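The values are calculated or read from the model by the stated rules, or taken from the named source; none is laboratory data. What you are looking at is a predicted structure, and each value in this text was computed from that prediction instead of being measured. Don't worry about glycine lacking a Cβ; one is built from the backbone with ideal geometry, like all the others, and counts go over all protein chains shown. Accessible surface areas use protein heavy atoms only, side chains included; no ligands, DNA or RNA. Shrake-Rupley method; radii C 1.70, N 1.55, O 1.52, S 1.80 Å.
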Amino acid sequence: MTDTFGSKLEGNIDIPQAENFKGSVLSSALQSRMSISLSNVNAREWFSKTREGVKPWAEFFNFGKFKVPKSVAPVPKRVVRNIEQFQSNYLFVFGGLIVFCILTSPLLLVAIAACLGACYIISLKNQERKVRILGRELSLAQQYAAVGLCSFPLFSLAGAGSAVFWVIGASFFVIMLHASMYITAEEAEMIELEMEEV
């Protein structure tokens, strides 16, 4: 077989055949297991890239670079540049606000601990034997979903909805305040040129 450029293409393709139904079920289980491990690898890669992208905190909190803009015109460009530059730092600020919110709300902390404890107990029970309800075997995902549904009233009583909106609002305020006040490298150069001319 030749392609449009006249070069010859050769090769063999091996297609695995499922010998029986049980083998195909095993192969699909193996494929789903591989996709889970790949997603874990992707999550680890994303986390390591995010951690590598963190700028030094001394640079992030350099108060000498905080200046109130003279007009509104440079603010959008400044915000975009700072979000590109400090994206990883902002993610850690967001995570810190989540931890702060959980630790300062004891009822929410108890609700999260109860939900995680129930999930841990379910995982231990499934290692011993499969859980059956009314003669029907429930998968681990179905059991976790049941725990999630049962924990909604508990999270509602603990004020999880208001905590989520508080974290989102506080994060947006802190990040936008930093991004709009922190001068970019181009602005710093322009300020130095103006000072040299004077």
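What the table below lists for this structure:
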read-out	value
Accessible heavy-atom area order of Ile183, Ile121, Ile102, highest first, probe of 1.4 Å	Ile121, Ile102, Ile183
Largest-first principal axis extents of the Cα set of the range 57-163 (Å)	71, 26, 26
Extension gain (nm, one decimal) between Lys70 and Glu128, 0.36 nm per residue minus Cα-Cα	14.2 nm
Solvent exposure ordering (accessible area, 1.4 Å, most first) of Val75, Val167	Val75, Val167
Extension gain (nm, one decimal) between Cys150 and Thr50, 0.36 nm per residue minus Cα-Cα	32.6 nm
Burial order of peptide ranges 80-88, 54-62 (average beta-carbon count within 10 Å, highest first)	80-88, 54-62
Whole-Å distance, taken between Cα centres, linking the range 36-90 and the range 139-181	23 Å
Carbon/sulfur fraction of accessible area - the range 35-153, other protein chains in place, 1.4 Å, %	68 percent
Relative contact order (%) - criterion: Cα under 8 Å, at least six apart; region: the range 88-198	33 percent
Simple spin-label estimate for Glu59 and Ile83 in nanometres, 7 Å along Cα-Cβ	2.0 nm
